[in-house]
Amino acid sequence: MQIRERLVRRRPDPAAEVDAIAALAERLAVLLTAGVPASAVWTHAGAVSTSSAAHAVPTDDDLVRDAAASAAAVGRPVSSAITAARRAAPSSSGHWAVVAAAWEVASASGAPLATSLRELGSALRDEAQLRREVRSALAGPIASARLVLALPFIAVLFGAVLGFDTFSVLIGNPIGLACVVAGAGLLWAGRQWSRSLTERATRSDADEGLELELLAIAMSGGASVERARRLVCTALEQNGAGASDGRASGEVIEMAARAGAPVAELLRAEAARLRRLARAEGAARAAALGVRLMLPLGACVLPAFVLLGVVPLLVSVVSATLGGAV
């Protein structure tokens with residue numbers, strides 16, 4: 001059981017931590033709606049641990065949540081407690097910064113915390129879904145890349161099984177040693193190239209709508225446009241939740257002013273549109289990865305296959321033939 005738990009921890013689900021934070025935000029919203037005071041909701045929400053099992057060792061996320069609960073219980077700013085706890089717990093989820101920023105904006109603007117946290121939970125669920133969809137789409141190309149990278153080693157073993165002394169050629173022949181050096185270099189380059197392509201394909205842009213969500217929270221509390229922007233910029237900067245150039249929010253606010261439409265709803269609609277766009281772009285990157293992985297395959301892995309598998313086999317055959325002739 002312990003071995004299995006260690007293996008699971010080594011291969012975490014990239015969407016699991018986002019889902020855990022989203023679930024916490026939703027629990028907080030439900031408790032606030034039920035009339036639980038804001039000073040006590042963190043303690044009650046923390047009764048269900050963010051760890052995968054109640055008996056597990058507390059994670060850094062649990063420590064951050066406990067710090068928020070302690071701060072809320074004594075009336076200290078929750079967002080500051082979360083930020084300080086995140087610095088002391090480097091393995092905690094980066095999405096705690098989003099929770100801290102949303103809590104700070106809602107508290108400063110007088111916006112309903114329950115509604116704000118419910119919207120935040122929905123946004124985080126969208127990001128978790130995006131990560132799962134991208135991971136699922138990339139599973140095939142990544143598995144194929146790993147299999148292809150193993151081909152040169154399979155070729156060496158195959159030659160040995162057939163009775164050819166490929167290992168002796170690789171370590172005891174100048175040609176073999178040159179093949180080992182060149183082939184290993186090509187395999188390393190192919191692995192790094194493939195990893196770079198994969199990391200670019202798995203990059204998530206689902207948090208692009210964060211500024212719009214925070215602006216909607218601030219303005220739903222009655223804050224003016226300028227004050228809402230100041231609150232959001234301050235919250236993003238202090239909590240390390242990222243920043244934005246403000247162009248998307250500026251266009252939405254101008255359109256709402258011209259049309260006389262509710263700004264908060266338009267901001268949330270634009271944030272949802274950005275998340276849908278990020279999801280489509282993520283799926284497109286995942287689909288393109290299968291083709292792009294052919295580049296390191298053709299430029300690095302196949303030449304390494306020839307150097308490590310085919311050339312030693314030919315040298316072994318030629319040496320055996322010449323030795324037999326003599």
Cβ-based exposure ranking for Leu28, Leu302, in which fewest neighbours within 10 Å come first:
Leu302, Leu28
What is the fewest-to-most order of Ser93, Ser80, Ser316, Ser136 by other Cβ atoms lying within 10 Å of their Cβ?
Ser136, Ser80, Ser93, Ser316
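Hey, fewest Cβ within 10 Å first, where do His44, His95 land in order?
His44, His95
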Normalising by the residue count of the range 206-289, find the relative contact order in percent from Cα pairs under 8 Å and 6+ residues apart.
44
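With a ≥ b ≥ c the root eigenvalues of the C-alpha gyration tensor of the range 206-289, is it rounded (a/c under 1.5), prolate (a/b larger than b/c) or oblate?
oblate
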Taking the Cα centre of the range 206-289 as origin, sum charge times position over the Cβ atoms of Lys and Arg (+1) and Asp and Glu (-1), and report the length of that vector in debye to the nearest 20.
160
Please work out the C-alpha center-to-center distance from the range 250-292 to the range 122-152 and express it in whole Å.
23
Determine, for each peptide in 105-118, 263-276, 144-157, the mean count of other beta carbons within 10 angstrom over its residues, then list the peptides with the highest first.
105-118, 263-276, 144-157
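FYI, it's all coordinate maths here, none of it is from the lab. If you're wondering where the values come from, they're calculated on a predicted model, not measured in any experiment. Using ideal geometry, Cβ is built from the backbone for each residue, glycine included, and neighbour counts are taken over all protein chains shown.
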